[in-house]
1. Go through region 519-553 and give me each residue that's among the hydroxyl-bearing types (Ser, Thr, Tyr), in a helix (DSSP H, G or I) and without any contact (Cβ under 8 Å) to a residue 60 or more places away in the chain.
2. Does Ile388 satisfy the condition of being at pLDDT 85 or above, surrounded by 23 or more Cβ atoms within 10 Å (Cβ to Cβ), more than 23 Å from Ala366 (Cβ to Cβ) and in contact with a Leu (Cβ under 7 Å, 6 or more places away or on another chain)?
3. So Asn169 ticks every box in (1) under 27 Å from Ile376 (Cβ atoms); (2) of a type outside the set (Gly, Ala, Ser); (3) surrounded by fewer than 17 Cβ atoms within 10 Å (Cβ to Cβ); (4) out of contact with any Ser or Thr (no Cβ under 6 Å at 6 or more places or on another chain) but one. Which box is left unticked?
4. Is it the case that some residue within region 323-336 is crowded, with 19+ Cβ neighbours inside 10 Å, modelled with pLDDT of 80 or more and on the phi > 0 side of the Ramachandran plot?
5. Gln415 versus (1) surrounded by 14 or more Cβ atoms within 10 Å (Cβ to Cβ); (2) modelled with pLDDT under 90: which is the lone unmet condition?
6. So which residues in region 139-164 are touching a helix residue (DSSP H, G or I) at 6+ places or on another chain (Cβ under 6 Å) and part of a loop (DSSP other than H, G, I, E, B)?
7. Considering only residues that are touching a Gly at 6+ places or on another chain (Cβ under 8 Å), of a type in the set (Val, Ile, Thr) and closer than 21 Å to Leu60 by Cα, which ones fall in region 87-143?
Amino acid sequence: MRGDIPIGIGNLSSLVMLSMRGNQLSGSIPASLRRLGNLQALFLTDNKLRGYIPYQLCQLDNLAYLFLSSNQLYGSIPSCLGNLTASLRYLSLASNSLSSTIPSTFWRLAYILYVNLSSNYLIGHLSQDIGNLKVVTEVDLSNNNLSGILPSTIGGLRDLVNLPLANNNLEGHIPSSFDGLLSLQLLDLSRNNLSGVIPKSLEALLLLKYMDVSFNRLQGEIPTGGPKRNVEVAEEATSLPQLLWRRVSHVELLRGTNGFNENNLLGSGGFGSVYKGTLSDGIDVAVKVFSLQIEGVFKSFDRECEMLSNIRHRNLIKIISCCSEIDFKALVLDYMPNGSLEKWLYSQNSLNILQRLNVMIDAASALEYLHHGYSIPIVHCDMKPSNILLDDDMVAHVADFGIAKLLDGGDSITQTMTLATIGYMAPEYGLEGMVSTRGDVYSFGILVMETFTRRKPTDEMFGGEMNIKQWIAKSLVLPDAKIDEVVDANLLGIGTEQEDDDHVRKRDCMSAIMRLALTCCAESPEGRISMKEVVATLNKIKTKFLKDAAAGRRGVLLNRPLVQQRFN
């Protein structure tokens, strides 16, 4: 949905929940919402809303859920939100342009359970009154401009599970009182100005699974006691974070990969090779070894370390550690037992429509996070099937950030001489080296085409005036052309014993997917949609496909003889 939220929405006086998330609503949040006296939940996340957060929302005495994240809101956090002590339980104002300080009245919300103010421009010191949030389970203040010392009162938040405070200007010591965070599972203090030592008292945090204190000014010994088996702790470093609970050394990697034996080789790329390995604690990993004689490899190694250590998403490959020595550099990554999408596309046991659609949704979700969910937009620059890896559950993870680019300084476009893979790169990238998030959108469109046609953009059938985009476009617009002629025959069951009666449903799904892919591959960057829109469209296509399939099965069942129905 586009346009403004109508002022008349305030007339729906009996409304209990209002959810308009994931649209393209613009304009301001109407003050008329104050008339929704029964409203308990307001979800306006992921739109294009602008302006201030209206103080009239503070008049909604029954409001328990307030989610306004991923919009273009600016100004300050209304101080009157602290008046909703009796009702407000979940609050997210993340990924906006809110500035100023966090109002002192905010810390009156003694019964709030979830607070997310991340990825804004908030300034000032964290108040000791944060300790008033006695029952809160998550406080995310990462990616702001907060300064001052860490309040010792945080240690009294016994129910706190997640505390991301990364990428601020916090200083001073890590309070020893943090040993009171008995429920804590994640503590991210990276990219601040913290000094001193890591308190030994943190060994008392029995549930802690992840702790990152990299890129600070910490010193001294690392606490070694306590249940560190499942804890990842990133140490202070000038350039590369390393995981302290597991010293991955060159020798251990040699041992774990049987001397980087060819039998353990998973694949090779532009900057090196990837091997399967097993660490001393029995964990299977993928070890990406960089070929140091290749020009630009040191920059690529540093970039991947920086990118992968700072971004976290279920559809991005996870870095476990890195090994950096004078004559050896490697990344230790999560092992993906089902290999790459490329392997599945060109093997005999190929994927069905729903499996391929799920992989595309996973990959699109990863790109959406890189473009819109991180404090600085990241352009992957090399989306292709070999860089999409599948785990045990066939969940896709985007990998290989060797030529990725940060669009820092508020720029939406930058220029580079690094070339991506022929056939997948956007025209403006190949001709002028112009990099933007829209270039990733183009590559994703080509990826979608290859995934459902099982034809590479560099296939020998494409040459001269014909390319994969034109080939697919003709199948959608010419009267005598059919989508069957371009889609992988394995998906429709054409000419096989599996050919069934639901071709219309499958063709409709394929046509919708290919139209989306063509929209992604518009010649002009301005003509391409965003990855937010791509994710939303793919999910709608999937929902319709499953709904039509269910309706088809019901229709078949109703048309069968009664006796046959009973046996089924």
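1. Passing the criteria: Thr537, Thr543.
2. Values: at pLDDT 85 or above: yes; surrounded by 23 or more Cβ atoms within 10 Å (Cβ to Cβ): yes; more than 23 Å from Ala366 (Cβ to Cβ): no; in contact with a Leu (Cβ under 7 Å, 6 or more places away or on another chain): yes.
The answer is no for Ile388.
3. Answer for Asn169: the failing condition is (4).
4. Taking every residue of region 323-336 in turn, none turns out to be crowded, with 19+ Cβ neighbours inside 10 Å, modelled with pLDDT of 80 or more and on the phi > 0 side of the Ramachandran plot.
5. (1)
6. Pro151
7. Ile102, Thr105
The values are calculated or read from the model by the stated rules, or taken from the named source; none is laboratory data. These figures come from a predicted structure and were not determined experimentally. Note: ideal-geometry Cβ built from the backbone for every residue, glycine included; neighbour counts use all protein chains shown.
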